[in-house]
Amino acid sequence: MSTSNSNLSPQTRIALYRQMVRIRKFEEKTHELYKAGRLTGMSPHLCIGEEASAVGVISALNPDDYILSTHRGHGHCLAKGAEMGKMYAELYGKETGYCRGRGGSMHIADVAQGNLGANGIVGAGLPIALGAGFSIQKRGTKQVVACFFGDAATNQGAFHEAMNMSKAFHLPVVWVCENNLYGLSTPIEKVAATRTLSDRAKGYAMPGITVDGMDVEAVRAVAEGAVSLARGGGGPTLLEVRTYRYFGHGASDHRPYRTREEEQGWWKRCPVANYRARLLAEGVATEAELAALEQEIDAEVEAGVAFAQSSPDPNPQESTLYVYTEG
Amino acid sequence: MAEKTFREAIIEAMAEEMRRDERVVLIGEDVGRFGGAMGASKGLFQEFGPSRVIDTPISEAAIIGSALGMALTGQRPIAELMFIDFAGVCMDQILNQVAKVRYMLGGQVKVPLVIRTQGGAGKGYAAQHSQSLEAWFTHVPGLKVVMPATPRDAKGLLKSAIRDDNPVMFIEHKLLYNNKGEVPEDPEFLIPLGKAEVKREGSDLTIVSHSRQVLNCLEAAEELSNQGIEAEVIDLRTLRPMDFDAVRASVEKTGRLVTVEEGYPQCGIGAEVVARIAEQCFESLDMPPIRIASKDTPIPFARVLEQETLPSPRRIVETVLAARRWVRRPQDQRLAV
């Protein structure tokens, strides 16, 4: 057994790996289903390559903490405790989906698990996170809100309003900027005033930290610090998680704006494959144990898809249900 | 019952609901120590403190987003948007977030949230602080839209809006705040959303209006009465859901429909009322419906120009009298004065 500089228990490290594999395999199947024409609507925004961000941050939260997610949100949703079957059912537009087929890929969330919603509008979740923070402050419940958004959201006005207000009111929020380098086709470095997005925290007098988003333990470590600060009343932190989406913005994006060499370079840093290798090298698990874990997740994926496929469509007569709360 | 101003009725409604339910929170610009730009939250900060009356920066998207986040996590927020014109800087939060989150999540959440805002012209505030944008919001499923005309209605409707589990745009006309009227003091006095009220009964003509223009319609109705025409004035009070039944019942009685609003004519509230009546009781109409609205222009600054763009009692009277040529049945004496 080689030495490890990790301070996490083997159990925790395997749990992190398991959660990343769940996300990776969920998304690979989603991609396959979409290419096969099984899923309708806008092509799903896959988070393959970004697993360490969702898992690293959310593993640093308590179950009753809140998150807000994005259009690239399947990973956040799974990491916050969602079931694959109800997620696939939502992708299929089935009545058994988390949103009963009313939301689809960009809106999957299990609110009961503290996921206050994914969002189809870039940057729109940030102002909503403030409100969750105000609720916590008013109740004095010591919860924390982790709000995910992409690099492109940092150029939206809502980002700046929310950053300012979170600090002015010392709200218990962790801002998680998943910098995957591109807003659809536009490189963030061409349209952002700062090279390092965490530098934007300086303008709001809050800590700004950039972390390697391909290393789940590194993400978790900085997230734990930010969560602990927020929980203790120390206010918000801006985390910039440097990551990469291996696929396009959506399935129809063939990535003419970047080279295959660039992509191959990032594949060498794959958060899932490298963590697997590390767990083996450090003797945390055996090849057989990890293979068994992966098989379990394959079975979870298959069962989830089967559940979705065998589920009923929503009743067309109920298309206006849930517009209002009645009574 | 006590005589109170519209402003006092608004404050009283919020204070009573905040005493009744500690989840009710007010958030907005200058709503705290200052008491609101229109003075419509005076005293609340002093009574309820900074965790329930939150003074924000000038960040409208953050205000509406904060209210939504609070609503999703167990509070019952009232967000004050100082001028309805500022909806332009937080429309995403209203349109794409507040109005849709319950539906998009398949009913997983309730959104008990009131956006109190203030609109309308008549004070020389020019084009960016005088608009009547209520028709925008009535277009959006997921929102309710309320626009009271009297202190009594303001109190009863605002209390109902705060107790409602849905997002409500509660729009106050800036010229109404100092108006006085009888206001019930019973803390359980509520006016249900979605119910119009006949503010004046009449047999010859139905005038449908909302907010401050209701007062102009009542004044016009007195003048018409002097000329032998008895107008029924219906105050919609809630614009979404709209009480078409009340309008239809009146039109079936009078056979004539006039709509009056301070918003713009194209795709306005009057357009909707007329369309519904045409669909539902066309055969009851004895003359083509008439829509009276503001002129199709940004609101000008100069008083003479501003007054010219807005509906007035005189314009309502003149428009109705000019329409007498449309009386088709010679035996119908109702308008033949």
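The values are calculated or read from the model by the stated rules, or taken from the named source; none is laboratory data. The structure displayed is predicted, hence computed values, not measured ones. Neighbour counts are summed over all protein chains in view; Cβ atoms, including those assigned to glycine, are modelled from backbone coordinates with ideal geometry.
One table, with the values for the structure above:
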quantity: Wholly enclosed helices (runs of 4 or more DSSP H) of segment A:1-110 bearing at least 1 residues more than 30 Å from A:SER135 (Cα to Cα), among the hydroxyl-bearing types (Ser, Thr, Tyr) and more than 15 Å from the chain's Cα centre (by Cα); calculated: A:10-35, A:84-91
quantity: Of all residues in segment B:134-181 being within 14 Å of another protein chain (Cβ to nearest Cβ), assigned to a loop (DSSP other than H, G, I, E, B) and among the charged types (D, E, K, R), the one that is farthest from B:PRO112 (Cα to Cα); calculated: B:ASP164
quantity: Cross-chain or 6+ apart pairs with Cβ under 7 Å, segment A:164-176 first and small (Gly, Ala, Ser), then crowded, with 24+ Cβ neighbours inside 10 Å; calculated: A:SER166/A:LEU130; A:SER166/A:GLY133; A:SER166/A:VAL173; A:SER166/A:PRO236
quantity: Failed condition for B:ALA127, given (1) more than 8 Å from every other protein chain (Cβ to nearest Cβ); (2) touching a Pro at 6+ places or on another chain (Cβ under 8 Å); (3) surrounded by 23 or more Cβ atoms within 10 Å (Cβ to Cβ); (4) outside any helix (DSSP H, G or I); calculated: (3)
quantity: Identity of the residue in segment B:220-240, assigned to a loop (DSSP other than H, G, I, E, B) and closer than 19 Å to B:HIS210 by Cβ, that ends up nearest to the chain's Cα centre (by Cα); calculated: B:ARG237
quantity: Segment A:111-123: number of residues that are within 8 Å of chain B (Cβ to nearest Cβ) and surrounded by fewer than 24 Cβ atoms within 10 Å (Cβ to Cβ); calculated: 4
quantity: Any pair with Cβ under 6 angstrom, 6 or more apart, that starts in segment A:310-327 at a residue that is more than 8 Å from chain B (Cβ to nearest Cβ) and more than 10 Å from B:LYS110 (Cα to Cα) and ends at one that is in a loop (DSSP other than H, G, I, E, B) and of a type in the set (Gly, Ala, Ser); calculated: A:PRO314/A:GLY101
quantity: Close pairs from segment B:155-172: first in the same structural domain as B:ASP85 (by TED's automatic domain parsing), partner in a loop (DSSP other than H, G, I, E, B) and of a type in the set (D, E, K, R), Cβ under 7 Å, at least 6 apart; calculated: B:LEU157/B:ARG237; B:ASP165/B:LYS110
quantity: Test: residue in segment A:138-151 that is at the interface with another protein chain (Cβ under 7 Å from one of its Cβ atoms) and either part of a helix (DSSP H, G or I) or touching a residue at least 40 places away in the same chain (Cβ under 8 Å) (or both); calculated: yes
quantity: Any hit, segment B:273-284, residues being farther than 21 Å from B:ALA126 by Cβ and part of a loop (DSSP other than H, G, I, E, B); calculated: no
quantity: Lone unmet requirement of (1) touching an Asp or Glu at 6+ places or on another chain (Cβ under 9 Å); (2) closer than 14 Å to B:ALA67 by Cβ for A:ASP151; calculated: (2)
quantity: Candidate set: segment B:294-327, residues that are assigned to a helix (DSSP H, G or I) and among the charged types (D, E, K, R); chosen: the one farthest from B:GLU230 (Cα to Cα); calculated: B:ARG303
quantity: Residues located in segment B:74-88, provided they are surrounded by fewer than 24 Cβ atoms within 10 Å (Cβ to Cβ) and either at the interface with chain A (Cβ under 8 Å from one of its Cβ atoms) or small (Gly, Ala, Ser) (or both); calculated: B:GLY74, B:ALA87, B:GLY88
quantity: Selected residue (only one of B:ILE64, B:ILE54 is closer than 24 Å to A:LYS142 by Cα, under 20 Å from the mean Cα position of the chain (by Cα) and either at the interface with chain A (Cβ under 10 Å from one of its Cβ atoms) or free of Cβ contacts under 8 Å to residues at least 40 places away in the same chain (or both)); calculated: B:ILE64
quantity: Residue under evaluation B:ALA15, criteria (1) closer than 24 Å to B:ALA154 by Cα; (2) crowded, with 24+ Cβ neighbours inside 10 Å, criterion not met; calculated: (2)
quantity: Answer residue from segment B:182-217, given it is outside any strand (DSSP E or B) and among the small types (Gly, Ala, Ser) and is surrounded by the most Cβ atoms within 10 Å (Cβ to Cβ) among those; calculated: B:SER211
quantity: Test for A:ALA132: is it facing chain B (nearest Cβ under 9 Å) and either in a helix (DSSP H, G or I) or under 22 Å from A:ILE23 (Cβ atoms) (or both); calculated: yes
quantity: Residue within segment A:227-239 that is surrounded by fewer than 17 Cβ atoms within 10 Å (Cβ to Cβ) and in contact (Cβ under 8 Å) with a residue 60 or more places away in the chain present; calculated: yes
quantity: Residue satisfying all of: in segment B:89-105; touching a residue at least 40 places away in the same chain (Cβ under 8 Å) and of a type in the set (D, E, K, R); surrounded by the most Cβ atoms within 10 Å (Cβ to Cβ) among these; calculated: B:ARG102
quantity: Residue identified as farther than 27 Å from A:CYS47 by Cα and not acidic (Asp, Glu) among A:GLY327, A:GLY265; calculated: A:GLY327
quantity: Some residue of segment A:189-200 being closer than 23 Å to B:GLY69 by Cα and touching a residue at least 24 places away in the same chain (Cβ under 8 Å); calculated: no
quantity: Hits in segment B:272-290 (condition: surrounded by fewer than 19 Cβ atoms within 10 Å (Cβ to Cβ) and touching a strand residue (DSSP E or B) at 6+ places or on another chain (Cβ under 8 Å)); calculated: B:LEU285
quantity: Long-range neighbours under 8 Å by Cβ, at least six apart or interchain, first residue surrounded by fewer than 15 Cβ atoms within 10 Å (Cβ to Cβ) within segment A:1-14, second of a type in the set (Val, Ile, Thr) and modelled with pLDDT of 95 or more; calculated: A:PRO10/A:VAL284
quantity: A:VAL176 at the interface with chain B (Cβ under 9 Å from one of its Cβ atoms), closer than 15 Å to A:THR237 by Cβ and under 14 Å from the mean Cα position of the chain (by Cα); calculated: no
